[in-house]
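Read-outs: derived from the displayed coordinates by stated rules, not from any lab. Computed from a predicted structure; not experimentally measured. Cβ atoms come from the backbone with ideal geometry, glycine included; neighbour counts cover every protein chain shown.
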Amino acid sequence: MPKYYYYMSEHRMAIEDDAAEYDYKYDKKDHCKKHDRKDHCEKHDKKDRKKDRAKFVEFAYETFDPITPLTLPLNFSLSTQPQVIATATLKDVEKGNVVWLNGLYHVNNNSPEFADLITRIYRGNISPGNLIYQSIVEIDAEGNADATESVSQFVDVIPGDAKDVTYYLTAQKGQFSEDLNVFVYGPITFTAAEIKQED
């Protein structure tokens with residue numbers, strides 16, 4: 001039966017198996033190139049890891065109807081104007097921090113032709129100057145893929161004049177879909193997480 005002997009000497013390990021020796025040299029790829037002291041390299045490693053760290057400062061969210069019945073509900077009909085799906089407010093925000101925004105809601109097109117669905121996120125209030133995110137997708141006609149979800153994800157940088165900031169998740173039909181019956185239903189989730197980069 002083969003015998004194995006292991007021993008460490010600096011950065012080298014020798015393995016003996018039935019009188020055959022195999023040397024494994026330590027890979028210095030991750031070792032500090034300028035210095036040979038272990039404690040110095042550990043300090044460098046800690047410093048590099050610290051650069052990538054961030055922490056959550058505040059978290060706000062709004063949710064509706066987490067359990068959807070088998071028969072799709074028609075919670076409310078969309079128009080060609082922005083309609084608020086959900087809001088999230090962060091208090092005492094800090095300039096330069098980022099806000100990670102995530103939105104989810106569902107739609108159902110009960111029309112014989114496809115409809116344009118516009119999803120937007122506004123910061124502060126619903127006006128063109130405060131629009132920070134927009135997506136436009138086509139929802140198939142009734143009987144096809146006419147029931148689907150809208151997912152939004154965006155990272156916003158907090159401006160210098162902000163203190164308390166409210167984000168609005170809105171939905172609307174496209175201007176050429178005005179006569180179509182497009183409905184919003186749950187589950188609806190909208191989250192806002194303020195993140196600070198650590199020094």
Of the GluC sites (Glu not before Pro) in the range 114-199, those whose Cβ has at most 12 other Cβ within 10 Å and which sit in DSSP loop: Glu178, Glu198
Using θ = phi - 60° and Karplus 6.51 cos²θ - 1.76 cosθ + 1.60, couplings along the range 102-119 (whole Hz; Gly, Pro as x): 9, x, 8, 8, 10, 9, 9, 9, 9, 10, x, 9, 5, 10, 8, 10, 10, 10
Cα principal axis extents for the range 54-197, largest first, Å: 48, 32, 20
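Find how much the distance from Asn130 to Phe59 grows on full extension, using 0.36 nm per residue of separation minus their present alpha carbon separation; answer in nm with one decimal.
Result: 23.5 nm gained on full extension.
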Inverse mean reciprocal Cα-Cα distance (Kirkwood Rh) of the range 61-109, Å: 14.1
R0 of 30 Å, Cβ-Cβ distance Val84-Ala147: FRET efficiency to nearest 0.05: 0.90
Within the range 130-194: Cβ-based charge dipole about Cα centre, in debye rounded to nearest 20 (Lys, Arg +1; Asp, Glu -1): 200
Dipole of the range 142-185, positive end: most advanced residue of Ala147, Val182, Tyr167 [Cβ charges, Cα centre]: Tyr167
Cα→Cβ-extended label distance, 7 Å offset, between Val155 and Asp140, nm: 3.5
Given charges at beta-carbon only (K, R positive; D, E negative), |dipole| of the range 54-197 in Debye: 620
